[in-house]
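What follows is a set of notes on a single structure, which appears directly below.
Every number here is computed from the coordinates shown, using simple stated rules; none is lab data. Remember, it's a predicted structure, so these values are computed and weren't measured experimentally. As a convention, Cβ positions derive from the backbone with ideal geometry for all residues, glycine included, and neighbour counts pool all protein chains shown.
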Amino acid sequence: MAFEKAADLSALTENIPHRVDVAGVPVSLVLVGDEVFAIHDTCSHQDYSLSEGMIWDCAIECSLHGSMFDLRTGAPSSLPATTAVPVFPVQRDGDAVLVDVTAPMNDAPYPDH
Ligand code: FES
């Protein structure tokens, strides 16, 4: 486990994706209620930033072609994407949001396009 600071909680706006770089990995942080989710920022369909998308309940919608990904599992729930996106564990330390990009919580491949 290698948690690194990704952002200040106070800098996040609920239901608005926030793109950060954690140890060289692009990550989209999303505050939903009082929980912060961390999902790889690159869509599994094409090379496009998920942080450009919108949040629906606990899913992020890729704004390029509309695939939805569950923020808890990274799994797509609509086409054209058919492959999950890595999701990462999040911890909080005071106002700091910590993410471990070395220990994804699913077996999704890192997007390589
Ligand atoms: S690039 Fe995300 S659905 Fe196509």
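In debye to the nearest 20, how big a dipole does the chain give about its Cα centre with +1 on each Lys and Arg Cβ and -1 on each Asp and Glu Cβ? Provide the component values of the computation, followed by the final result.
Values: 4 positive and 17 negative charges, 25 e Å.
Charge dipole, the chain, about its Cα centre: 120 debye, nearest 20.
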### Query
Using the Karplus equation 6.51 cos²θ - 1.76 cosθ + 1.60 (θ = phi - 60°), what ³J(HN,Hα) coupling, rounded to whole Hz, does each residue of region 79-93 give in order, writing x for Gly and Pro?
6, x, 5, 10, 10, 5, 10, x, 10, 10, x, 10, 10, 10, 9
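Within the set of other residues whose C-beta is less than 10 Å from the C-beta of S51, count the net charge using Lys and Arg as +1 and Asp and Glu as -1.
Details: positive: R19; negative: D41, E52.
Once all neighbours under 10 Å are counted, the net charge is -1.
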### Query
Over the alpha carbons of region 56-113, what is the largest minus smallest coordinate on each principal axis, giving the biggest first in Å?
38, 24, 17
### Task
Apply the Debye scattering formula to region 4-99, with a single equal point scatterer on each alpha-carbon and no solvent, then give log10 I(q)/I(0) at q = 0.13, 0.19, 0.22, 0.23 Å⁻¹.
-0.37, -0.78, -1.04, -1.13
### Query
Using θ = phi - 60° and the Karplus curve 6.51 cos²θ - 1.76 cosθ + 1.60, what whole-Hz ³J(HN,Hα) does each residue of region 49-54 get, with Gly and Pro shown as x?
6, 5, 5, 7, x, 10
### Query
In nm, what is the difference between 0.36 nm times the number of residues separating L79 and D95 and their Cα-Cα distance?
2.1 nm
### Query
Taking the Cα centre of the chain as the origin and placing charges on Cβ (Lys, Arg +1; Asp, Glu -1), which of G66, G94, L79 is farthest toward the positive end of the dipole?
L79
### Relative contact order (%) - criterion: Cα under 8 Å, at least six apart; region: the chain
26 percent
